[in-house]
Amino acid sequence: MGDKPIWEQIGSSFVQHYYQLFDADRTQLGAIYIDASCLTWEGQQFQGKAAIVEKLTSLPFQKIQHSITAQDHQPTPDSCILSMVVGQLKADDDQVLGFHQSFLLKNLQGAWVCTNEVFRLALHNV
């Protein structure tokens, strides 16, 4: 079996980078967004780099650790990459929770940025 397709390599690298930043210092996540980026976080909509970083840095926990269970990546017809992540997270001393997160990545001037992102906890019977 040969090397993974380039979109899988880019998507996997982005996912690894994203969660390393998120877990270590969420304030650094601004570098992956542009002013036109959109985030849907548990149904709440945020648009623009500043609004997204403000939301992510205001989340009510001090420490967090993500564990990725699976990730899938697809090329889009307009040369973007769609990535979907399934995993678990542990925030502070809370119980471990499942989550789903999707990213749409676009190459702008040689750098991959996140133009769209959707996050949901995998909660049932709530």
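The values are calculated or read from the model by the stated rules, or taken from the named source; none is laboratory data. In this text the structure is predicted, and so the values were computed from the model without any measurement. Ideal geometry is used to build each Cβ from the backbone, glycine not excepted, and the neighbour counts take in all protein chains shown. Keep in mind that these areas ignore ligands, DNA and RNA; they rest on the heavy atoms of the full protein, side chains included. Shrake-Rupley method; radii C 1.70, N 1.55, O 1.52, S 1.80 Å.
Roughly speaking, to the nearest percent, how much of segment 6-121's 1.4 Å accessible area is carbon and sulfur?
Whole-percent figure for carbon plus sulfur exposure: 51.
Counting DSSP beta bridges with both partners in segment 6-121, what percentage is antiparallel, nearest 5?
85 percent
As a check on your grasp of the helix formula, calculate [θ] at 222 nm for the chain: sum -39500 (n - 2.57) over DSSP H runs of n ≥ 4, divide by the residue count, round to the nearest 500.
After summing the helix terms and dividing by the residues of the chain, the value is -7000 deg cm²/dmol.
Just subtract the alpha-carbon distance of residue 76 and residue 95 from 0.36 nm times their residue separation and send over the number in nm, one decimal.
3.2 nm
Relative contact order, percent, of segment 6-121 when contacts are C-alpha pairs under 8 Å separated by at least 6 residues?
25 percent
Under 12 Å from a point placed 7 Å out from the Cα of residue 17 along the Cα-to-Cβ direction: which residues of segment 27-60 have their backbone N that close?
29-33
Measuring with a 1.4 Å probe in the full set of protein chains, what accessible area per residue, in whole Å², belongs to the chain?
I get 61 Å² per residue for the chain.
Once the Cβ-Cβ distance between residue 6 and residue 88 is put in as r, and R0 is 30 Å, what FRET efficiency do you end up with, to the nearest 0.05? Mind showing how you got there, number by number?
Working: r = 28 Å, r/R0 = 0.94.
According to the calculation, E is roughly 0.60.
Relative to the Cα centre, what is the charge dipole magnitude of the chain, using +1 at the beta carbon of each Lys and Arg, -1 at the beta carbon of each Asp and Glu, and rounding to the nearest 20 debye?
So the magnitude is around 80 debye.
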